[in-house]
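S.K.: Please see the structure below; I have some questions.
The values are calculated or read from the model by the stated rules, or taken from the named source; none is laboratory data. On a predicted model such as this, the values are computed, not experimentally measured, just so you know. Positions of Cβ are backbone-derived with ideal geometry, glycine not excepted, and every protein chain shown enters the neighbour counts. Side chains are part of the model used for accessible areas, which takes the heavy atoms of the whole protein and leaves out ligands, DNA and RNA. Shrake-Rupley method; radii C 1.70, N 1.55, O 1.52, S 1.80 Å.
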Amino acid sequence: MNFGTVGTGWITESFIQAAQLSGQLQLTSVYSRTEDKAKQLADTYNASYFYTDLEEMARSSEIEAVYIASPNSVHFEQTLTFLKNKKHVICEKPIFSTSAELAKAYQTAEENGVYLFEAIRNIHTPNFNILKDNLHLVGELRSTMLPYMKYSSRYDLFLQGEEPNIFSAKYSGGALVDLGVYPLYLAVGLFGEPKQVNYHPVFLRSGVDGSGTLVLTYDKFVCTILCSKISHSELPCEIHGEKGTFVLEDAAPISNITLVDNRGLEREILGVELEEQNMVYECTNIARIIETKNDQEYQQLKSWSEIVLRITEEARKQNNIIFDKEK
């Protein structure tokens with residue numbers, strides 16, 4: 001399947017490399033607002049076409065799908081442009097700023113006979129499926145701790161008085177939507193939609209969260225998510241049950257899974273070794289869903305995206321974290 005990209009950052013290059021590794025997606029086109037950047041990326045990965053006009057690229061017959069990795073706040077408008085031109089869209093997380101945008105985009109995709117996906121790598125890995133299939137081994141769930149805290153080099157710029165996109169309300173940034181979505185997707189994929197959501201952020205001068213604690217309340221247990229872009233943690237993720245505990249090296253890409261028995265404390269390794277370029281799994285799965293028109297899997301991914309966005313939206317509303325495009 002021929003595809004194009006929007007954005008020229010490291011995440012775009014990672015997706016291109018993963019797409020090549022999958023053997024399912026062929027890069028033909030790239031877009032950037034800057035011609036030099038567009039041409040450089042196209043030359044690096046042997047893409048035949050490069051664009052600085054998004055509408056022109058969307059009309060091209062040389063792409064069937066597009067991967068969008070632009071600033072969060074422009075995801076929605078760019079996605080609609082491609083959907084209306086009957087192109088499948090894979091939009092980098094966080095997919096959109098509001099649930100209303102998501103509903104409109106899914107409606108547009110359906111009207112034009114194409115698919116819309118949120119690019120989130122951890123739920124496509126084989127270790128996610130192993131974890132989901134074996135969740136019963138720990139017995140009745142009693143608590144879950146899912147940290148994902150990565151200090152961002154761009155915080156240094158913020159401290160110097162600048163306002164990078166990920167720390168800006170103008171560009172729909174913040175720790176929860178940028179990093180918290182990884183453990184949040186893990187929770188939603190494993191446990192479903194919580195009964196209650198409570199978010200306790202650490203505010204930055206820009207009005208968004210630099211870090212925070214998200215508490216998801218389920219019927220018989222609580223899931224606590226720690227996210228931060230202004231501090232660092234090497235704590236593993238843990239899922240606690242009455243029979244045992246799952247220990248995950250990290251929430252994304254879920255590289256290791258260990259099952260620890262509560263009584264004898266015996267340890268069993270359940271996870272498999274992942275490809276070094278772990279975005280290959282989402283590339284492969286998304287391409288397969290499109291090619292086979294697998295509506296069941298598509299609807300599952302759609303449902304998870306809807307739940308995750310509802311949660312982040314509710315968490316922001318609780319704390320008056322308002323993106324500029326919502327004003």
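S.K.: Find the centroid of the Cα atoms in region 137-164 and in region 44-120, then give the distance between the two in whole Å.
M.R.: The two parts, judged by their Cα centres, are 27 Å apart.
S.K.: Given (i) 26.6; (ii) 23.5; (iii) 20.4, which label gives Kirkwood radius over Cα pairs in Å as computed from the coordinates?
M.R.: (iii)
S.K.: I've got another one for you. Hey, which lysines would be in cross-link range of K39, C-alpha to C-alpha under 29 Å, not counting anything within fewer than 8 residues on its own chain?
M.R.: Within reach: K84, K86, K87, K93, K170.
S.K.: While we're on this one: If each DSSP helix of 4+ residues adds -39,500 (n - 2.57) and the sum is divided by the residues in the chain, what number results at 222 nm, nearest 500 deg cm²/dmol?
M.R.: After summing the helix terms and dividing by residue count, I get -10500 deg cm²/dmol.
S.K.: Work out, step by step, the length gained on full extension between Q277 and E13: first 0.36 nm times the residue separation, then minus their alpha carbon distance; give nm to one decimal.
M.R.: Between Q277 and E13, full extension yields an extra 93.9 nm.
S.K.: Further question: Accessible area per residue of region 215-293 at 1.4 Å probe, in Å²?
M.R.: 50
S.K.: Cα gyration tensor of region 1-154, axes a ≥ b ≥ c as square roots of the eigenvalues: rounded (a/c below 1.5), prolate (a/b > b/c) or oblate?
M.R.: Verdict is prolate for region 1-154.
S.K.: Suppose the Debye formula is applied to equal point scatterers at every Cα of region 204-327; what is log10 I(q)/I(0) at q = 0.19 Å⁻¹?
M.R.: With one equal scatterer per Cα and no solvent, log10 I(q)/I(0) is -1.31.
S.K.: For K104 and N320, calculate 0.36 nm times their separation in residues minus their Cα-Cα distance, and state this gained length in nm to one decimal.
M.R.: Gain on stretching K104 to N320: 75.4 nm.
S.K.: When the accessible area of region 1-159 is split by element with a 1.4 Å probe, what percent falls to carbon and sulfur?
M.R.: C and S atoms contribute 45 percent here.
S.K.: Please report the carbon-and-sulfur percent of the accessible area for region 183-327; probe 1.4 Å, protein heavy atoms only, DNA, RNA and ligands left out.
M.R.: Carbon and sulfur: 46 percent of the exposed surface of region 183-327.
S.K.: Given an 8 Å cut-off on Cα distances and at least 6 residues of separation, report the relative contact order of region 173-270 as a percent.
M.R.: 20
S.K.: Still on this model: Please give the net charge around E92, taking every other residue with its beta carbon less than 15 angstrom from that of E92, where Lys and Arg add +1 and Asp and Glu add -1.
M.R.: Its environment carries a net charge of -4.
S.K.: So, one more: Which helices of the chain meet both criteria: a Cα extent of 15 Å or more along the helical axis and a mean Kyte-Doolittle score no lower than 0.0, with helices taken as whole DSSP H segments?
M.R.: Helices meeting the span and hydropathy rule in the chain are 10-22, 280-292.
S.K.: Which stretch or stretches of region 1-26 have amide N atoms under 18 Å from the point lying 7 Å from E291's Cα along the Cα→Cβ direction?
M.R.: Answer for this model: 1-4, 16-26.
S.K.: Can I ask one more? I'd like to check one number: the per residue accessible area of region 59-182, probe 1.4 Å, reported in Å² as a whole number.
M.R.: 37
S.K.: Could I ask something else about it? Could you state how much accessible area Y151 has, in square angstrom rounded to the nearest 10, with a 1.4 Å probe and all protein chains kept in place?
M.R.: Surface open to solvent at Y151 totals about 100 Å².
S.K.: Using the Cβ atoms and a cut-off under 15 Å, what net charge is assigned to the surroundings of T28, where Lys and Arg are +1 and Asp and Glu are -1?
M.R.: It works out to a net charge of -1.
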